[in-house]
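K.L.:
Before we start, here is the structure in question, set down as structure tokens.
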Amino acid sequence: MASTGPEATGASMRARVGDEIVVRGTTAGVVARDGEIVGLSHPDGSPPYDLRWAEDGRVTLYFPGPDAFIRHLTPTPHPARASAHTSPASDELVAGGGHVPAR
């Protein structure tokens, strides 16, 4: 499910593996950057994130600033179907979906 605008910014950021981070240019002529979250450092989805940059495929540890926002591209699991111990979605959240392990 694609999103059309910023979902979360700054300290309120909570992401899932598969979400997109967009970093807006802060001055005229600066191109925005984006990347896919491939790993989480914290089970609650707070920063920093292991991010695969779209421009070159590099994976870096990223601490988002005020010029960044998250687009939630993965569907949110239904609470009645999700369990912290058995849901594959929660395993993906903590373990980084097998791409980059959580710290």
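What follows is calculated from the coordinates using simple rules that are stated; it is not laboratory data. Computed from a predicted model, the values in this text were never measured in an experiment. Positions of Cβ are generated from backbone atoms using ideal geometry, with glycine treated the same way; all protein chains shown enter the neighbour counts.
K.L.:
How many nm is it between the label spots at residue 56 and residue 42, if each spot is 7 Å from the Cα in line with the beta carbon?
P.N.:
Spacing of the two 7 Å Cα→Cβ label points: 2.9 nm.
K.L.:
Scan region 14-49 for trypsin sites (Lys or Arg not before Pro) in coil per DSSP, keeping those whose Cβ has at most 16 other Cβ atoms within 10 Å, and list them by number.
P.N.:
14, 24
K.L.:
OK, next. Within the set of other residues whose C-beta is less than 15 Å from the C-beta of residue 58, count the net charge using Lys and Arg as +1 and Asp and Glu as -1. Could the numbers behind the result be given before it?
P.N.:
Numbers: positive: 33, 52; negative: 34, 36, 50, 55, 56.
Neighbourhood net charge equals -3.
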